[in-house]
Amino acid sequence: MNFVGEHILSVAQLNRADVEEIFAVADKMTPFAHRERITRVLDGAVLCNLFFEASTRTRLSFGTAFNLLGGSVRETTDVGSSSIVKGESLKDIARVVSGYSDVIVMRHSIDGAVAEFAESSRSPVLNGGDGSNEHPTQALLDLYTIQKELNARKKDLDGLRIAMIGDLKYGRTVHSLIKLLTLFRNIRVHLVAPPDLNMPETMIAELHRVGHEVQHFEQLEQGVQAVDVLYVTRIQEERFSFDAEASEYKGLFRINQAVYSQHCQPDTVIMHPLPRDSREDAQELSVDLDSNPNLAVFRQSDNGLIVRMALFALILDVVNKVEDHSTPVGWFTDVRKWD
């Protein structure tokens with residue numbers, strides 16, 4: 001696709017060549033994300049972050065990515081402080097905010113709300129997550145992380161074996177990641193979840209359509225065996241009708257170092273879109289995994305910055321201008337450590 005000026009609402013917009021182009025540009029963004037160089041290529045450009053649902057990493061990642069390209073960021077982070085409470089429609093908000101900004105990132109609790117907003121926006125819109133539907137930039141950073149982790153182990157995305165664990169029904173990150181995996185070949189997917197939280201049938205059908213192997217597991221110990229990647233998700237409590245319903249599943253698929261050592265291959269990558277629920281009755285990823293070198297969750301988070309920088313550069317058509325507006329840095333690299 002031609003990214004210039006385009007909305008990024010769903011990974012369904014992308015083909016394999018598009019994904020590979022994003023990843024190639026992301027590689028070019030790495031020295032800027034690592035503060036080895038500074039660029040002002042987006043000096044004067046404005047990003048509006050409209051986050052009508054709670055977020056920390058995604059909101060800060062998008063904002064920091066834009067800042068590192070030289071742009072400015074304006075934010076709304078609470079529905080209660082927005083004009084939505086006065087009855088303003090998404091259409092009207094889109095018309096107004098797109099007059100203030102060169103690009104918009106939006107998160108909303110309702111499936112499809114970001115796409116509805118984008119229809120009336122005069123600026124490109126990136127989906128920062130809409131309900132239980134999709135989270136396309138998270139899926140891109142996840143796949144970028146998987147590729148880097150596999151390449152370090154002399155493996156490739158084609159032939160990937162991945163276990164998706166936890167809340168696969170409401171977890172929008174796995175929904176978007178599944179769609180991206182259909183662009184690659186010979187993949188085996190382990191779906192590890194209780195029946196009530198399993199992957200939607202439409203997603204499973206997509207995997208079968210392209211010839212991927214899908215296996216279902218209700219027992220964690222069986223599902224994590226013989227895979228390259230564990231992709232663990234938290235229980236999406238906010239999407240359940242009742243708190244009590246969500247509490248039934250807390251800690252059901254907890255992975256700790258003992259489970260990992262006994263049932264996983266020694267180089268299995270551990271991923272999680274974050275936040276992980278660190279309360280003792282949940283702990284989908286135990287803190288005793290923090291010293292495990294295969295725990296990639298923070299490398300994964302760092303990669304979000306790089307991938308989102310790449311998307312901004314592509315959409316605003318500055319990929320080939322980044323270096324022209326850059327200078328080397330020496331004052332910061334000695335105090336920061338990058339994995």
What number, in nm² with one decimal, is the all-direction average of the projected area of the convex hull of the alpha-carbon atoms of the stretch 10-154? 9.5 nm²
Using alpha carbons only, how many degrees (0 to 90, rounded to 10) separate the axis of helix 136-152 from the longest principal axis of the chain? 60 degrees
In sequence order, what are the phi-derived ³J(HN,Hα) couplings for the stretch 116-124 according to the Karplus relation 6.51 cos²θ - 1.76 cosθ + 1.60 with θ = phi - 60°, rounded to whole Hz, with x for glycine and proline? 4, 4, 4, 4, 10, 8, 8, 10, x
At 1.002 mPa s and 20 °C, Stokes diffusion of the chain via Kirkwood alpha-carbon radius, µm² per second: 104 µm²/s
Helix-derived [θ] at 222 nm for the chain: sum -39500 (n - 2.57) over DSSP H runs of at least 4, divide by residue count, nearest 500? -10000 deg cm²/dmol
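At R0 = 35 Å, how high is the FRET efficiency between ASN67 and ASN292 if r is their beta carbon distance? Nearest 0.05 is fine.
FRET efficiency, ASN67 to ASN292: 0.65.
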Once amide H atoms are built 1.01 Å from N in the peptide plane, which residues 5 or more positions from VAL73, or in another chain, come under 5 Å H to H? LEU47
Quick one: what are the phi-derived ³J(HN,Hα) couplings along the stretch 224-229, Karplus 6.51/-1.76/1.60 with θ = phi - 60°, whole Hz, x for glycine and proline? 8, 7, 6, 10, 8, 9
As a test, work out the antiparallel percent of DSSP beta bridges whose residues both lie in the chain, rounded to the nearest 5. 10 percent
Solvent-accessible surface ranking, highest first, for ASP18, ASP102 at 1.4 angstrom: ASP102, ASP18
Once fully extended, how much extra length lies between GLU36 and ARG153, figured as 0.36 nm per residue of separation less the alpha-carbon to alpha-carbon distance? 39.5 nm
Quick one: if you stick a label point 7 Å off each Cα along the C-beta vector at MET1 and LYS28, how many nm between them? 1.9 nm
Please give, to one decimal in nm, the separation of the simple spin-label points placed at VAL259 and SER89, each 7 Å out from Cα toward the Cβ. 4.7 nm
Here the gain from full extension of SER301 to GLU119, 0.36 nm per residue of separation minus their alpha-carbon distance, amounts to 62.5 nm
Cross-link pairs LYS28/LYS179; LYS179/LYS321; LYS91/LYS148; LYS91/LYS321 - those with Cα-Cα distance over 29 Å: LYS179/LYS321; LYS91/LYS148; LYS91/LYS321
A correct Karplus calculation of ³J(HN,Hα) over the stretch 316-323, with 6.51 cos²θ - 1.76 cosθ + 1.60, θ = phi - 60°, whole Hz and x for Gly and Pro, returns 9, 6, 10, 3, 8, 10, 4, 5
Separation between the GLU20 and GLN225 pseudo-spin-labels, each 7 Å from Cα along Cα→Cβ, expressed in nm? 3.6 nm
Starting from the amide H of HIS7, placed 1.01 Å from N in the peptide plane, find each other amide H under 5 Å away whose residue is 5 or more places distant or on another chain. VAL125
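The values are calculated or read from the model by the stated rules, or taken from the named source; none is laboratory data. Keep in mind it's a predicted model, so treat the numbers as computed, not measured. Please note: Cβ atoms are built from the backbone with ideal geometry, for glycine as well, and neighbour counts cover all protein chains shown. Only protein heavy atoms, including side chains, enter the accessible area calculation; ligands, DNA and RNA are left aside. Shrake-Rupley method; radii C 1.70, N 1.55, O 1.52, S 1.80 Å.
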